[in-house]
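No value in this document is a laboratory result; all are computed from the given coordinates. For clarity, every value in this text was computed on a predicted model and none was experimentally measured. No Cβ is skipped: glycine too gets one built from the backbone with ideal geometry, and neighbour counts run over all protein chains shown.
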Amino acid sequence: MVIPTLLGISLLIFGVTQLFDPIERASLYIRDPRQIRFVEEIIKKYGLDQPFYVQYFGWLSQVLQGNLGWSQSLHMPVLEALITRFPATAELVLYSAPLTIVLGIFLGKISAVKKDTVIDHVTRVMAIVGWSLPAFWLGIILMAVFYGGFGIFPPGRLSPWAEAMIRSGKFKAYTGLYTIDAILNLNGDVFIDALSHLVLPVITLTTINVALIMRVMRSSMLEQLGKTYIIAARARGLDSKTVIDKHATKNALIPVVTISGLLTAGMLSGMVITETVFEFKGVGYFAAHAATQLDIPAVLGFALFAGLIFVIANLIVDILYAYIDPRIRLR
Amino acid sequence: MKRLTLETLDNEELLSVKDLVVRFYTYEGIVKAVERANLKLRKGETLGIVGETGSGKSVTAFTIIALTPSPGRVEGGAVYFRRAQGDVVNIIKLKEVELLRIRGKEVSMIFQEPNAALDPLYRVGDQIAEAILSHRLPEILENVIKFVEGELRRGRSGFGARLELWAYRKMLENPKSAILAILRRIPIIKNLMTRRLKHVVREEIIELLKLMEIPDPERIIEAYPHELSGGMQQRIMIAIALACSPVLLLADEPTTNLDVTVQAQIIDLIMRLKNKLNMSIIYITHDMGVIAEISDRVAVMYAGNIVEVAPVKELFNNPLHPYTRALLESIPRPGSPFKSIPGTIPNLVNPPSGCRFHPRCPYVREACKLEVPELVKVSEDHYVACLLYDGEIYGKYGGHGRSEEILSDKRRNI
Ligand SMILES: Nc1ncnc2c1ncn2[C@@H]1O[C@H](COP(=O)(O)OP(=O)(O)OP(=O)(O)O)[C@@H](O)[C@H]1O
Ligand code: SF4
Ligand SMILES: [Mg+2]
């Protein structure tokens, strides 16, 4: 299941490049108008005029060997760019995804249980407002207030002194996630510094995405609360807390698992706007950069990477499903 | 003719539903699902409730244990119930904490779709344990404590048993104890702390399942609901319902979705358990055959009203309400063509004025569209809500003798 999906994704991603003709693609490598005469040479050299399948298999075999091409805009191999940028994105996701998911589940559950009360209305309105705020706008406002106004929660990933500290020989980089590395190095100052850089982007991402989880949880919870097994559980004398927490919530979580997986995968494959606004140099930041520079190998590489993340996320969701739902375990 | 009055319960009565009004507030409007329904149930009696779909049978049953489904609201009336200690309470007015002591312990319910009534994510053993633990925990704890103390005296066990003993005493003393709540969050300690309790509860469940005539109970308690057949699921539901020996069982079409042979087995089981445990039963069904077989008295519901109540023999031999007669005539019989009741079930958002049956009633008169008939006693234990039998109102519209006409008419029919 995983392999065909990945092949399909790669075909689709590579196919898109064929929308450009060979001359357009070759000329992307020419920065200096005076060198335009080299176009023919480049087309020949990279086989850009070859039939699609020849180009595709050529590309694929390179990809399978771990060669995603050279990124013009980043001045390094695409794979290396991905590997060096990913920890920043992963660190952002490490905090925003669980926060979004837990908060969304909590709010969705409350508003379902308190359906049509003030609590329900307030929760839903707040979530929808958060959902409809543009990320760049919210990011800029937060930054203006906290960083501009109070001088706290700066952009970037680390302050210059901390940057110097982690580059010194005394700090060992285990994961590239600075907060985790700081804990592993028992370095409280770097930890606090890294965390303070995370606060605003995490708030932004959580505000914007929490409505997604909340809505799924709310409707799923409402559906479960109307089912016969809930009446049956109450009929045997269980109090409503047990009925809601033990029975309704667990059943309601099943669709939430899917949407949480998709959300996390979407975040891991790069949060273009948030990362750009906060100069948080992760996958999304560089994908945006590469795209504006028409850096095709880099864009292809990022797209493939996103595809891989989604496939893995799906796999994890399936495993979680089987863990929660005995009806699936059998198959 | 004396109007039916049911202010409180007399001695041999267990339950009385008095002028019950239940309405659902939906987007389409207010569904007047149950309108001034009256019922009473004697100790040890089986009362059948019949009526077409949508007549309010389930809503009435749910309301008896104060579980009216939302967006339904009880807008009037009372449900008097005699507690095990003998005091009479109005279920509608009870606080939730009181209700928790009644549901599953004194009044239980089984459902039309056992598959839907079990939580798919928990083993059936866990769901039976819930019923036992929510009502019988103190009693079971005392047994376990005695058991562990015995073990300790004989010097059989060490630290683990001491920990458990401490935990059980604490639980018995104060089930909401904070320290226990914290310890229970730690899986390993939780397991250590409740090993013998689990064992005792498991034994209880196995005993219960044997009572339900379930073969191989050790295997069944480990199963998830979807791994069991419909009949087995219903037996599990019955086990849950009867785990604490209730005095009243509400059975809402418990066999409708089962195979015919399984149906017979389940009905048989329920009736045998009823005698064993000395319960009363309210049995809801569409199946007049089942009603004839098991009930002592029958209540007929139509569009939210109880239209006739009578002992089972009397109802079949001497049906008075035009709807009851139509219902009995619609029973499929070998040799005679199936006759469905003419007309359609009314919409309960805008129910017909006066008698709700009047658009379909062959005996309808002007008075029927204006006056709401009430249940009146026509003979010992036989009540009917039809203007033809209500001399007072009937007289007001200048009619008389018509009920005689119907009665003779009926004799011709049957
Ligand atoms: N949750 C609900 N929301 C809105 N209306 C409801 C709800 N439950 C029941 N009703 C309405 O109340 C009326 C009585 O329903 P009820 O389920 O008691 O019928 P019933 O006699 O049990 O029918 P059946 O034989 O099909 O089980 C129906 O008109 C139904 O539409
Ligand atoms: S009251 Fe009138 S309409 Fe209603 S059942 Fe009796 S005769 Fe028919
Ligand atoms: Mg029903």
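Within region B:24-40, is even one residue surrounded by fewer than 16 Cβ atoms within 10 Å (Cβ to Cβ) and among the small types (G, A, S)?
The answer is yes; a qualifying residue exists.
Being farther than 24 Å from B:D259 by Cα and more than 7 Å from chain A (Cβ to nearest Cβ) is the filter; apply it to region B:105-122 and report the residue that is surrounded by the most Cβ atoms within 10 Å (Cβ to Cβ).
Top of the filtered list is B:V107.
So, A:I259, is that one out of contact with any Gly (no Cβ under 6 Å at 6 or more places or on another chain) and either charged (D, E, K, R) or in contact (Cβ under 8 Å) with a residue 60 or more places away in the chain (or both) or not?
So A:I259 fails the test.
Restricting attention to region B:52-77, report how many residues are more than 10 Å from every other protein chain (Cβ to nearest Cβ), free of Cβ contacts under 8 Å to residues at least 60 places away in the same chain and away from ligand 3 (no atom under 16 Å from the Cβ).
Total meeting the criteria: 4.
Suppose we filter region A:228-282 for residues that are in a helix (DSSP H, G or I) and either closer than 15 Å to A:L320 by Cα or hydrophobic (A, V, I, L, M, F, W, C) (or both); how many remain?
Qualifying residue count, region A:228-282: 29.
Would you confirm whether any residue within region B:36-51 is more than 9 Å from ligand 1 (Cβ to nearest atom) and free of Cβ contacts under 8 Å to residues at least 60 places away in the same chain?
Looking for residues that are more than 9 Å from ligand 1 (Cβ to nearest atom) and free of Cβ contacts under 8 Å to residues at least 60 places away in the same chain, one finds at least one in region B:36-51, hence yes.
Quick check: anything in region B:285-292 more than 16 Å from ligand 2 (Cβ to nearest atom) and within 14 Å of chain A (Cβ to nearest Cβ)?
no
Determine whether region B:282-294 contains at least one residue that is within 19 Å of B:C355 (Cβ to Cβ) and in contact with a helix residue (DSSP H, G or I) (Cβ under 6 Å, 6 or more places away or on another chain).
no
Among the numbered criteria (1) away from ligand 1 (no atom under 16 Å from the Cβ); (2) in contact (Cβ under 8 Å) with a residue 60 or more places away in the chain, which single criterion is violated by B:Y302?
(1)
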